[in-house]
2 protein chains.
Amino acid sequence: MAIVDRIEASIGRALEIPQGGLAPAALAEALPYAVLPGGARIRPTILMSVALACGDDRPELSDAAAAALELIHCASLVHDDLPCFDDAGLRRGKPSVHCAYSQPLAVLTGDSLIILAFEVLARAGEDGRTMRLIRALARRTGMPNGICAGQGWESEPQIDLGAYHRSKTAALFIAATEMGAIAAGHDGEAWNDLGALIGEAFQVADDLRDALMGEEALGKPGGQDALHGRPNAVAELGVKGAFDRLNDILAGAISSIPSCPGEAALAQMVRMQSQRIVPRMPARYRA
Amino acid sequence: MAIVDRIEASIGRALEIPQGGLAPAALAEALPYAVLPGGARIRPTILMSVALACGDDRPELSDAAAAALELIHCASLVHDDLPCFDDAGLRRGKPSVHCAYSQPLAVLTGDSLIILAFEVLARAGEDGRTMRLIRALARRTGMPNGICAGQGWESEPQIDLGAYHRSKTAALFIAATEMGAIAAGHDGEAWNDLGALIGEAFQVADDLRDALMGEEALGKPGGQDALHGRPNAVAELGVKGAFDRLNDILAGAISSIPSCPGEAALAQMVRMQSQRIVPRMPARYRA
């Protein structure tokens, strides 16, 4: 089965859990609304690619890990869109959860998806490998190293930019490479750099997209970084400088891939994913 | 060590995790603010009492379970106090997290505490018993059976009262008895009824306190159920009827205790905890 089909099938199975029994209808409806149809599913795709490169000897575990990671990502989008954060009315081209439902249901949707992510993993096995997956996911999601910390930095008067990007954007990419390796019985730690570099590339690409693209192409309002005065690579390096930085990071990411059976195929996947995330450089910036 | 000291020590160890490394300062401060000093710690006390009644052969596991459960409870208080839910400015006699910090930090504090709860459990062991603890906690916290579902019912035009109380209040008491038994190697399922009945008693006692006590004694505004038109036992049965119901439920709870080494001591604990939660009946209602 193709990676993309495995991911969607696993997410679909995960979303059946909260539908059992007598559940409040609107919240039960809001959970799949926040997760389906998906965005690019980049994080679980990376996770699966790393698992495959490492042999993928327990595919049911990589499937669960991929779904759990994407659920956490979707939860973070729902909470980040809330009026007290980004106040975003659009997400993936449709009304964000608090607009389609309500603020209370958006808070609860995020909470429920976080819990569901851990539940999916805890149902996938009873051994050390499964427990390491849960620990890796918790570490890259919570405080002090996860995406909660990343979002928390935005409430600080002085931002540590390195820590901010590592936790805000890179954390779930690190989770992707670590969890892909762990699911296939490899050492997660060795895959940390690849995730961190992909995350850094993604951050720069996101800054470029935000600066260069409009609402229609993004499926959400553009120019948000400049509007909110948020630190970003385009403000720091200019458009051309940010494109150069992006290419350097991607080259570094590919050379950081640990030795493993599927090393060449994985390098190819990173190149392909890069093309999906990197916006086209406007003609006026080309040499 | 006394139960109360074991619980506070375990919570203290759990709260060290988010303080490591370079964390955003305000969020790092808000986490202990939301957890310390605690309320009555009734849920972890019940969990510990059940674990002890079942032999408590792995005290480090019951310690972790008790801390995890209390972290989830505190997370739910932080999110429930948000303006879009109860809009409560006071909690445990001090400003609630969104008042003391901000709404964004209150959302992130709740999220981080939920994740920390699972992280604490995932660090406590790598075996089936630990995994069953994680599954029990997830089940009683998320959708469709956990406290998220309970809160979700408040957004429904038609509330199923049984499902509402089971998930809103009883869920974490069921988690307490189930997890106490699981931590000590017993079957969690058999302890489900005790938790459900304690939860029901707690709900009725809470309704009575809300109806009979003022803000000063509660540490939060009173009369909220009547104000928000929320379903409650006092509106349904009157004050005297609610007291009678409470006593019936507590008798049922004690007789539901499964056979175990510490059965008598556990019955005594339930009686003691009851006295803590049950408000004094005003003289005009006494026979």
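Take the Cα of B:Val4, go 7 Å toward its beta carbon, and the backbone nitrogen atoms of the stretch B:49-71 under 20 Å from that spot belong to B:49-53, B:63-64, B:66-71. Computed on protein heavy atoms with a 1.4 Å probe, the accessible areas place A:Glu29, A:Glu178 in the order A:Glu29, A:Glu178, largest first.
Report, to the nearest whole %, how much of the accessible area of the protein assembly as shown belongs to carbon and sulfur atoms, 1.4 Å probe, protein only.
Of all accessible area on the protein assembly as shown, carbon and sulfur atoms account for 52 percent.
Highest GNM mean-square fluctuation, chain B, Cα pairs closer than 10 Å: which of B:Pro59, B:Pro261, B:Pro18? It is B:Pro261.
A dipole drawn for the stretch B:97-188 from +1 and -1 charges on Cβ atoms has a positive end, and of B:Leu172, B:His186, B:Pro104 the residue lying farthest that way is B:His186.
Which residue, B:Trp153, B:Cys74, B:Ala64, has the largest displacement toward the positive end of the dipole of the stretch B:32-177 when charges sit on each Cβ (Lys, Arg +1; Asp, Glu -1)? Farthest towards the positive pole: B:Ala64. Computed over the stretch B:3-285, the P(r) tail beyond 24 angstrom holds 49 percent of alpha carbon pairs.
The gain in end-to-end length when the B:Gln158 to B:Cys99 segment is fully stretched comes to 18.1 nm, 0.36 nm per residue minus the alpha carbon separation.
Report the local net charge at A:Pro261: Lys and Arg +1, Asp and Glu -1, summed over other residues whose C-beta lies under 14 Å from its C-beta. Charge balance in the 14 Å sphere: -3. Under a model in which nothing but the beta-carbon of Lys, Arg (+1) and Asp, Glu (-1) is charged, the stretch B:165-287 shows a dipole of about 480 debye around its Cα centre. Would you grab the residues whose amide H sits under 5 Å from the one on A:Arg91? Only those 5+ places off in sequence or on another chain, please, with H modelled 1.01 Å from N. Those qualifying (amide H under 5 Å, at least 5 residues apart or on another chain) are A:Ser96.
Surface burial for A against B, with a 1.4 Å probe and both sides summed, reaches about 4500 Å² of accessible area. In angstrom, the C-alpha Rg and Dmax of the stretch A:89-226 are 16.8, 47. Given +1 at the Cβ of Lys and Arg, -1 at the Cβ of Asp and Glu and no other charges, the dipole of the stretch B:3-285 around its Cα centre is 380 debye to the nearest 20. When the alpha carbon coordinates of the protein assembly as shown are projected onto the principal axes, the ranges are 92, 45, 38 Å, largest first. Between B:Asp187 and A:Asp248, the distance separating the two model label sites (each 7 Å from Cα on the Cα→Cβ line) works out to 6.4 nm. Accessible area per residue for the stretch B:3-285, computed on protein heavy atoms with a 1.4 Å probe, is 37 Å².
Around A:Leu197, with a cut-off of 14 angstrom between Cβ atoms, what is the net charge of the other residues, counting Lys and Arg +1 and Asp and Glu -1? Mind showing how you got there, number by number?
Numbers: positive: A:Arg166, A:Arg245, A:Arg271; negative: A:Glu178, A:Asp193, A:Glu200, A:Asp248.
Result for the neighbourhood of A:Leu197: -1.
Other residues within the sphere of radius under 15 Å centred on the Cβ of A:Phe118, judged by their own Cβ, net out at +4 (K and R +1, D and E -1).
Counting only other chains, and only Cβ atoms inside 10 Å, what mean value do you get across the residues of B:154-160?
Numbers: counts 5, 10, 5, 2, 1, 1, 3.
Going residue by residue through B:154-160 and averaging, the value is 4.
The values are calculated or read from the model by the stated rules, or taken from the named source; none is laboratory data. Small disclaimer: the values here were computed from a predicted structure and weren't measured. Note: ideal-geometry Cβ built from the backbone for every residue, glycine included; neighbour counts use all protein chains shown. Heads up: the accessible areas ignore ligands, DNA and RNA and are worked out on the full protein's heavy atoms, side chains in. Shrake-Rupley method; radii C 1.70, N 1.55, O 1.52, S 1.80 Å.
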